[in-house]
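Note sheet for the following structure.
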Amino acid sequence: MAKLRQWALMLLGLRRRWLGCIAGCILWVFWMVFGLWSTLALLVLATAGFAVGRILEEHQSWKDVVDKLLADRFNDS
């Protein structure tokens, strides 16, 4: 467990450009193994899961989130 924590701290200490490079390499591996459409589906589902998790962590109501998203687009002027 200590090794895993040490590894995580090392990754978090990297500059963003290196994290982006690592993420790009991981994305490339997924693309080569699973194909383009499966990789895109994985990215969409991961993004949706991240958004749902963030909303649940912040204890926001779904109505407030939808209102924020649509406020600029359908503004009553």
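The values are calculated or read from the model by the stated rules, or taken from the named source; none is laboratory data. Predicted, not measured: the structure shown is a model, and the values here were computed from it.
Filtered by the rule that a residue be among the aromatic types (F, W, Y) and on the phi > 0 side of the Ramachandran plot, region 2-56 gives no residues. For region 29-52, does any single residue satisfy the condition of being modelled with pLDDT under 80 and among the hydroxyl-bearing types (S, T, Y)? No - not one qualifying residue is present in region 29-52.
Just checking, how many residues over region 32-55 are among the hydrophobic types (A, V, I, L, M, F, W, C) and over 17 Å from the mean Cα position of the chain (by Cα)? Qualifying residue count, region 32-55: 5.
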